[in-house]
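Enquirer: One structure, pasted below without further comment.
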Amino acid sequence: MTLQKEESDEHLVSRLAGGDETAFTALYRRRQGAIYRFALHMTGSPALADDVTQEVFMAMLRQAHQFDPSRGSVSAYLFGIARHQVLKQLGLRRFESLEIDDHLQSGHDALHDSADDPLDAVARQETIATVRQAVLALPAHYREVVVLCDLQEIEYAVAAQMLGYPIGTVRSRLHRGRRLLVEKLRRVAAPAIADLNPARCVP
Amino acid sequence: MTSDDLDRVAAEERALARSLRQLAEETANEQASSHVEAALLAAFRKGSWSRERAGLPTWLLRAAALLLVVGGGVWGLSRMDFGARDGSAPTSARSIARPSEDAIPATGDENGDEILTSFVPLPYGGGTAYLESAHVVRMELPRSALVTLGVAVPEEQWTERMQAEVLFGEDGLARGVRLVKRGTEN
């Protein structure tokens, strides 16, 4: 069976529920990146993000015939499973925070970035690493809204559907999460400012 | 809060938004490792995604759930002697090491207006071979239950009812299933 261009997620799910491997492959390739990135930002670990992604699509295979499009989009359905898997993988209950995975901590060589000014590239990488660590340090219920809304640019209403709570809760948690990030980054920046105090010059 | 404070807060939030955007751009192309897709496709082809439930086979779970809902959907419990349906004298179950196609006709045996398929071994069931004795339970199930066996069923037929006979070993585990078709059905 040939895959039609722009076939909807719902139609792919219907076909894969009937055993169509092409449909499953198409759905996986279309949606796995967003699921992986959500898990990566939530866990800080590429390995855990891989595990979560695999579990999400295994769950889709098992439950495809039960998917009801009237209850929400396929994307929201997958993210709902991903959220559950993230919490399960990490054994999180509510307010635990995380340390960044060493693999992400090291990053790649900033001097090979495309920036014209290497110093800009270094500064950018430092900013990214700092923000990544700050996001991971957020409590899980703030982290997930920041990841969905600010990092993956998902609309509040869709995020509310994915997370299973009212849009007002999404807004309030996002606001609180952002404030926590600002405070965290302010504390990170403060020692750097203090380090700038010039030492006495020795003749 | 003074206007300076408000300006400071606004500046911090703009800086944060900029930083988050940089992080999002940095990770925009991150994807799952290739082995994840390979593992999923392997599972899909084996049909092992239908075996992921721990404990009882999926077929048995669905059958049990339907029994609770339908109530009278279970009827006709009978002890099955292999080979009895072909009209020959019943043989001792113990003497039959394997319920071969000869013992259970492959194309089904006509019993009045019914046609029965051969038993399809269930995942986890250990097959239908070497059963010393067995029980057959006739049930009415939705066609969607066939999906768990890896059978492609058009979605519009999922809610249709069908009759099936489930073969249980003496250990109580479901070993196989066969479909019951009325002689007038297509």
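The values are calculated or read from the model by the stated rules, or taken from the named source; none is laboratory data. Since this is a predicted model, take the numbers as computed values, not measurements. In this analysis, Cβ positions are derived from the backbone assuming ideal geometry, glycine residues included, and neighbour counts consider all displayed protein chains. Accessible surface is based on the protein model in full, side chains and every heavy atom, while ligands, DNA and RNA are left aside. Shrake-Rupley method; radii C 1.70, N 1.55, O 1.52, S 1.80 Å.
Enquirer: Kindly state which helices (runs of 4 or more DSSP H) lie completely within segment A:113-203 and contain at least 3 residues that are within 21 Å of A:Ile35 (Cβ to Cβ) and modelled with pLDDT under 90.
Expert: A:156-163
Enquirer: Taking segment B:1-32 on its own, how many of its residues are assigned to a helix (DSSP H, G or I), more than 7 Å from chain A (Cβ to nearest Cβ) and over 46 Å from the mean Cα position of the chain (by Cα)?
Expert: 13
Enquirer: Continuing with the same structure: Among the candidates B:Ala17, B:Ala28, B:Ala32, B:Ala11, which residue alone is at pLDDT 85 or above, open to solvent by less than 40 Å² (accessible area, probe 1.4 Å) and more than 22 Å from B:Leu122 (Cα to Cα)? Break it down into steps so the answer makes sense when it comes.
Expert: Working: B:Ala17 fails: open to solvent by less than 40 Å² (accessible area, probe 1.4 Å); B:Ala28 fails: open to solvent by less than 40 Å² (accessible area, probe 1.4 Å); B:Ala11 fails: open to solvent by less than 40 Å² (accessible area, probe 1.4 Å).
Only one candidate passes the filter, namely B:Ala32.
Enquirer: Counting just the residues of segment A:153-178 that are charged (D, E, K, R) and over 12 Å from A:Arg143 (Cα atoms), which one comes out surrounded by the most Cβ atoms within 10 Å (Cβ to Cβ)?
Expert: In this case the residue turns out to be A:Arg171.
Enquirer: Can you name the number of the only condition in (1) open to solvent by less than 10 Å² (accessible area, probe 1.4 Å); (2) closer than 22 Å to B:Phe44 by Cβ; (3) more than 7 Å from chain B (Cβ to nearest Cβ); (4) not small (Gly, Ala, Ser) that A:Phe57 fails?
Expert: The single condition A:Phe57 does not satisfy is (3).
Enquirer: Taking segment A:126-151, which residues are open to solvent by 40 Å² or more (accessible area, probe 1.4 Å) and within 10 Å of chain B (Cβ to nearest Cβ)?
Expert: The answer is A:Thr127, A:Thr130.
Enquirer: Let me ask something else. Say we look at segment A:10-35 and pick out the residues that are closer than 18 Å to A:Ile81 by Cβ and β-branched (Val, Ile, Thr); which of these is modelled with the highest pLDDT?
Expert: The residue in question is A:Ile35.
Enquirer: List pairs: first residue in segment A:153-174 and within 14 Å of chain B (Cβ to nearest Cβ) and under 20 Å from A:Gln85 (Cβ atoms), second residue part of a helix (DSSP H, G or I) and of a type in the set (Lys, Arg) anywhere in the structure, Cβ distance under 6 angstrom, at least six positions apart or on different chains.
Expert: Taking only residues 6 or more apart or on different chains, not a single pair turns up.
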